[in-house]
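J.: Below are the structure tokens for one structure; questions will follow.
The values are calculated or read from the model by the stated rules, or taken from the named source; none is laboratory data. Source: prediction; values computed, not measured. Note: accessible area is taken over every heavy atom of the protein model, side chains too, but ligands, DNA and RNA are not part of it. Shrake-Rupley method; radii C 1.70, N 1.55, O 1.52, S 1.80 Å.
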Amino acid sequence: SSSAASDVYKRQSMGCASVIKMPPMVDRHDCHGCPFRFRDESNLRRLLNQEQLNPVDKALPGIKPTQGDIEEIVKDAKGEHYTRACYKYFMATHPEAHRDSLFRSPFEYHSFSK
């Protein structure tokens, strides 16, 4: 069942602090781990400028951070405030979200993205 698979993933999911401490696993197609930690500035900006599916309804126009949001996110990432950059990205791409704390794990981010 999908619930059982979700429970397994949740147990196996590392926290953000552990992911950030891991060595980067980057190839030309993907970035595994924290994109705010392991992407260089130009690749991070490219990622941030990509339109994402609208979290409210996939039939609605895509969404992406504003240029002001992007500048703040990049500044946080360059300052090694990766979880804060992640939170700001989430809030910029989930305008209906009500959240006032940083994420503790990729699983938590994923869960709130739905």
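J.: Please list, in chain and number order, the residues 5+ apart from Q52 or on another chain whose amide H is under 5 Å from its amide H, with Hs placed from the backbone.
T.: Amide H to amide H, under 5 Å and 5 or more residues apart or across chains, Q52 pairs with I63, K64.
J.: Carbon and sulfur together cover what percent of the accessible area of the stretch 26-97 at a 1.4 Å probe radius?
T.: That fraction is 47 percent.
J.: At 1.4 Å probe size, put V19, V56 in order of accessible surface, largest to smallest.
T.: Output order, biggest surface exposure first: V56, V19.
J.: Related question: Return one whole number: the accessible area per residue of the stretch 68-113 in Å², for a 1.4 Å probe.
T.: That works out to 57 Å² per residue.
J.: Compare H98, H81 by solvent-accessible area with a 1.4 Å probe and give them largest first, with all protein chains kept in place.
T.: Listed by decreasing accessible area, they come as H98, H81.
J.: Quick one: order L53, L47 from most to least accessible surface, probe 1.4 Å.
T.: Accessible-area ranking of L53, L47, largest first: L53, L47.
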